[in-house]
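The structure appears right after this line, and notes come after that.
Derivation of every value follows stated rules applied to the coordinates shown; laboratory data play no part. None of these values were measured; they are calculated from a predicted model. Glycine also receives a Cβ, built like all others from the backbone with ideal geometry; neighbour counts cover every protein chain displayed.
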Amino acid sequence: MKKYFQSGIILVLLLWLVGALIYLPSTEDKLQAAAKQKLADSSHNGVFAQVKAEFSGQEATLTGAVATAAEKAQAGLLIQTELRLPGWFTAAINPVTTVHNDIAVDPERSPFRPRPWLILTLFGGNQRIDGVLQSAAQRVELLTALAAKLPPPATPLNNQIAIAQTALPSADWDATHRSIPDLTATPNDASTIAVTACDGKWTTLPATLTNGELAAALTASKVPDNEIAHALAKLRTWKNLTPDEIKQQADKEAAAEAKAKAGTTAPAAPNKNLGPYRGPNGSQSR
């Protein structure tokens, strides 16, 4: 009897082992598929596109790269607390026991994420703001702050700020919109440029700056060359006259005005003090 009991135990253990060998890989595959779907959800805007989850039993190991430490922590929390397997019973149970979060925080290896930046240009009474921000609320906040820092415009401010929800967070947004340089004294016949990488600092630059020099001032934001060219296009086509050119233009306008007045003036009356005209034979004409 004892012999049969021992054999039964061994048989049960063998069956459990065979079942585990069959069930475990299937479970791991299901967990990996569920994790992949969870990380790829559209609500995450693609920030986890480089993250992979592998399972050993119910233990997850996350690898890949994201742009920020907050995103790394978010990915770990998603897999630790929100993963579920399909089924009437498993749908209510958290199948993950442990998460080993080996994701690298590396913006260069993570999916492309635009960095925030702003280029403000003033020229000939025109005002234009270009850039990329993470939210429409930031744009409203910036435009409100700009109103007190700019001279009365000849034309309304040309707002060219793009909103990108996948943009990286500003390094210091509060300081950025509060430290806009005071440009209220800029004359209408002058031009200037102010830029920021949304890190709390603004740099005011001359309008004669080349596109390459401006790109160097925004190195932290890695602004594409075509974006800089677009931001400065109107400024580049505006003619900023030198003092000599302004004087020459004024002299030319004054001369044209004088000529126009001379053309409308009536001929002068004859001078009676010159006396009567005498012909060649000395005769006097009347």
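Peptides 183-196, 143-156: what's the order by average Cβ count within 10 Å, highest mean first?
183-196, 143-156
Using the count of nearby Cβ atoms within 10 Å as a rough guide to exposure, how do PHE55, PHE48 rank from fewest to most?
PHE55, PHE48
Expressed as cubic angstrom per residue, what is the convex hull volume of the alpha carbon set of the stretch 135-237?
Values: hull volume 11.1 nm³, N = 103.
Once divided by residue count, the hull of the stretch 135-237 is 107 Å³.
Given the pairs LYS36/LYS222; LYS72/LYS201; LYS38/LYS72; LYS72/LYS222, which are separated by over 25 angstrom at their Cα positions?
Details: LYS36/LYS222 31 Å; LYS72/LYS201 28 Å; LYS38/LYS72 14 Å; LYS72/LYS222 23 Å.
Table pairs above 25 Å Cα-Cα are LYS36/LYS222; LYS72/LYS201.
Hey, could you get me the Stokes-Einstein D for the stretch 23-136, Kirkwood radius over alpha-carbon pairs, 37 °C and 0.692 mPa s, rounded to whole µm² s⁻¹? Before the final figure, lay out each step's value.
Values: Rh = 16.2 Å.
Answer, rounded: 203 µm²/s.
For the stretch 117-237, what proportion of DSSP beta bridges, expressed in % and rounded to the nearest 5, is antiparallel?
75
Within straight cross-link reach of LYS252, meaning Cα distance under 19 Å, which aspartates and glutamates are found once same-chain residues fewer than 8 apart are removed?
Filter leaves ASP189, ASP244.
Neighbour counts of other C-beta atoms within 10 Å: give me HIS177, HIS100, HIS44 arranged from fewest to most.
Ascending number of Cβ neighbours within 10 Å: HIS100, HIS44, HIS177.
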